[in-house]
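Participant: This is the structure I have questions about; it appears just below.
The values are calculated or read from the model by the stated rules, or taken from the named source; none is laboratory data. Predicted model only: the values in this text are computed from it and were never measured. For neighbour counting, all protein chains shown are included, and Cβ atoms are generated from backbone atoms with ideal geometry for every residue, glycine included. Surface accessibility is based on the protein's heavy atoms, side chains included, excluding ligands, DNA and RNA. Shrake-Rupley method; radii C 1.70, N 1.55, O 1.52, S 1.80 Å.
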Amino acid sequence: MKLTELELLAALENLRIRHSESDYILRVASGIVAKCFGYDDRIEWTEKVADAGLVEYRDTLKAEKHYKELMDKLDSCN
């Protein structure tokens, strides 16, 4: 099963939350990917990933959990 567009954006966002030292570059990368998916506004897609329960912005431990779950799903595609 492939990652959906929101799941891919959530994976990048969870990675950014886990590694705050890479915040800028991960925001740029996420913005490029989001633009490819038709999003013009960061707020639009970040609200969607949060509403879907894929990202919890105030909890780095949950960011780790969500990231691992999404990467496990991605690994199962192979």
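Participant: When only the heavy atoms of the protein chains count and the probe is 1.4 Å, how do D72, D23 rank by accessible area, highest first? Could the numbers behind the result be given before it?
Facilitator: On the way: D72 75, D23 45 Å².
Descending order: D72, D23.
Participant: Report the chymotrypsin sites (Phe, Trp or Tyr not before Pro) located in the chain that are in a DSSP loop and have at most 16 other Cβ atoms inside 10 Å of their Cβ, or state none.
Facilitator: Sites meeting the loop and neighbour criteria: F37, Y57.
Participant: Starting from the residue with the highest accessible area, list R58, R42, R27 in decreasing order, probe 1.4 Å.
Facilitator: So the residues, ranked largest to smallest area, are R58, R27, R42.
Participant: If I stretch the segment between A29 and R58 completely, what's the gain in nm (0.36 nm per residue apart, minus their alpha carbon distance), one decimal?
Facilitator: So the extension gain works out to 8.3 nm.
Participant: Given Cα positions, please report Rg to Rh for the chain, the hydrodynamic radius being the Kirkwood one.
Facilitator: Taking Rh as the inverse mean 1/r over Cα pairs, Rg/Rh reads 0.94.
Participant: Given a Förster distance of 35 angstrom, what is the FRET efficiency for E21 paired with S76, based on the Cβ-Cβ distance and rounded to 0.05? Spell out each step's value before the answer.
Facilitator: Details: r = 30 Å, r/R0 = 0.84.
Here the calculated transfer efficiency is 0.75.
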